[in-house]
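To start, the structure itself, in structure tokens.
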Amino acid sequence: MKVKTSLIPLLRPLLQPFIAILIGLITGAIAISIAGEPVLASYKEMWNGAFGNFYFLTSTLARATPIMLIGLGVALAFRAGVFNLGAEGQMVLGAVSAALAGVYLPGSGIGKMILVLLVGIIAGGLWSLFAGWLEAKFKVQLLISTLLLNYIAVLFASYLVSDPFQDKTGSAALAQTAMLDQSVWLPKLFQGMSVHWGFVIAVAAALIMYIIFRTTSAGYEVKMLGFNPFFASYGGVNKIKVMLTSMFISGALSGLAGTVEVLGTQYRFVDGALTGPGLAWTGLMATLLANSHPIGTAVTSIFLAALETGAMGLERNTQVPLEVSSIIQSVLILFISAKITLKWWKRKSKAGGSNGTI
């Protein structure tokens, strides 16, 4: 009985994502029916494309790795009551910084690998911290600054690999850095499979965040600032300090997401390779689905990655187009929007009632 009771707090955050996913799958079933394919057989093909064998499973986990790290970073910011929508820029800046460090810094082996990881983490963290500083110093709203800083970071990274640091040894002359030395690559978890140690890092980050939020005073301050900033300030919480710290760690996790993609998958920075798949916005969706809960974010990240990898298997083996995955994700976005709107309306109604306006 005690074991069952202890599992309830862990499973409760998964309820809302489960409902949203169920609604998305029902909508996807309608789209599949319109395409003239059997629903259950199509979903079986999607399942097989994501988890059907060990190769597909590891491909899904590899796809989920950057989504999970970005989602955790955004979740931390949201828990602190700040809107960090700059994960894409932080991810790209961390990735290009790590790639250039891996190419041009001397040394090799695990020591250099750790140094390159730190470079990517710090680059993403500092870019996010810059937006936090603009908020603290000049009252520039984070919602605006983080969005606009995305463009600066992405275009700056594109410039770096298109001219001064472009690898011009190949005949194609693509906008990319030189290949990293194999000694700094992140090892694969399984020989011949795509999932690497970045997935272990992402899972460890989720567990550490969960423990911090549940058991530490720092986690309590972050949660309190997000739930009730006025009460937090009254209770002695340094709002600026917590905000800046949260922004730095949030950006650092996004920078780490880009870095592990460079070290574990691409082995160089390729212009557009991180922004094209929409990893940052998928991570944001995972966070919102899980209500910024670390464990829930990890689970929804794997689900969203499975949607993308499974949809490719679905398209290969049926007449259902790849876009069915986008339809399901669109329904999830609508669910998230409805949930946020309802919460805002309830809060407004409660505030109005207490002021005697309703």
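The values are calculated or read from the model by the stated rules, or taken from the named source; none is laboratory data. For clarity, every value in this text was computed on a predicted model and none was experimentally measured. A quick note on method: Cβ atoms are made from the backbone with ideal geometry, for glycine too, and the neighbour counts reach across all protein chains shown. Ligands, DNA and RNA are excluded from the accessible area calculation, which covers all protein heavy atoms including side chains. Shrake-Rupley method; radii C 1.70, N 1.55, O 1.52, S 1.80 Å.
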(message) For segment 50-57, check the following and say yes or no: at least one residue is over 14 Å from HIS293 (Cα atoms), touching a Leu at 6+ places or on another chain (Cβ under 6 Å) and not in a helix (DSSP H, G or I).
(response) no
(message) If the requirement is being modelled with pLDDT of 90 or more, part of a helix (DSSP H, G or I) and of a type in the set (Val, Ile, Thr), which of these qualifies: THR287, THR341?
(response) THR287
(request) Please state which one of ALA50, ALA77 is open to solvent by less than 10 Å² (accessible area, probe 1.4 Å) and under 26 Å from PHE213 (Cα atoms). (result) ALA77
(message) Residues to consider are MET68, MET113; find the one that is closer than 20 Å to ALA205 by Cβ and over 15 Å from the mean Cα position of the chain (by Cα).
(response) MET113
(message) When you scan segment 125-135, do you find a residue that is among the polar types (S, T, N, Q) and modelled with pLDDT under 95, even just one?
(response) no
(request) Confirm whether GLY272 is of a type in the set (Gly, Ala, Ser), outside any helix (DSSP H, G or I), open to solvent by 50 Å² or more (accessible area, probe 1.4 Å) and within 30 Å of VAL116 (Cβ to Cβ). (result) no
(request) Could you check ILE70 against (1) within 18 Å of THR265 (Cα to Cα); (2) surrounded by fewer than 24 Cβ atoms within 10 Å (Cβ to Cβ) and say which number it fails? (result) (2)
(message) So if I check each of VAL103, VAL82, which one is open to solvent by 10 Å² or more (accessible area, probe 1.4 Å), within 26 Å of ALA218 (Cα to Cα) and of a type in the set (Val, Ile, Thr)?
(response) VAL82
(request) Taking the options ILE295, ILE340, name whichever one is of a type outside the set (S, T, N, Q) and within 15 Å of the chain's Cα centre (by Cα). (result) ILE295
(message) Scan segment 208-223 and tell me whether some residue there is closer than 25 Å to THR60 by Cβ and hydrophobic (A, V, I, L, M, F, W, C).
(response) yes
(message) So for segment 290-297 (the condition being crowded, with 23+ Cβ neighbours inside 10 Å, at pLDDT 85 or above, out of contact with any helix residue (DSSP H, G or I) (no Cβ under 6 Å at 6 or more places or on another chain) and assigned to a helix (DSSP H, G or I)), does at least one residue qualify?
(response) no
(request) Among the candidates SER194, SER217, single out the residue that is within 29 Å of LYS239 (Cα to Cα) and of a type in the set (Ser, Thr, Tyr). (result) SER217
(request) Keeping to segment 299-316, report how many residues are open to solvent by 20 Å² or more (accessible area, probe 1.4 Å) and either closer than 18 Å to VAL195 by Cα or not basic (Lys, Arg) (or both). (result) 6
(message) Test of understanding: among LEU129, LEU155, LEU149, LEU143, which residue is part of a helix (DSSP H, G or I), at negative phi and open to solvent by less than 50 Å² (accessible area, probe 1.4 Å)?
(response) LEU149
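Is it the case that some residue within segment 12-28 is of a type outside the set (Asp, Glu), under 30 Å from ASN317 (Cα atoms), open to solvent by 50 Å² or more (accessible area, probe 1.4 Å) and at pLDDT 95 or above?
no
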(message) Can you tell me which of (1) modelled with pLDDT under 90; (2) part of a helix (DSSP H, G or I) is the one GLU37 doesn't meet?
(response) (2)
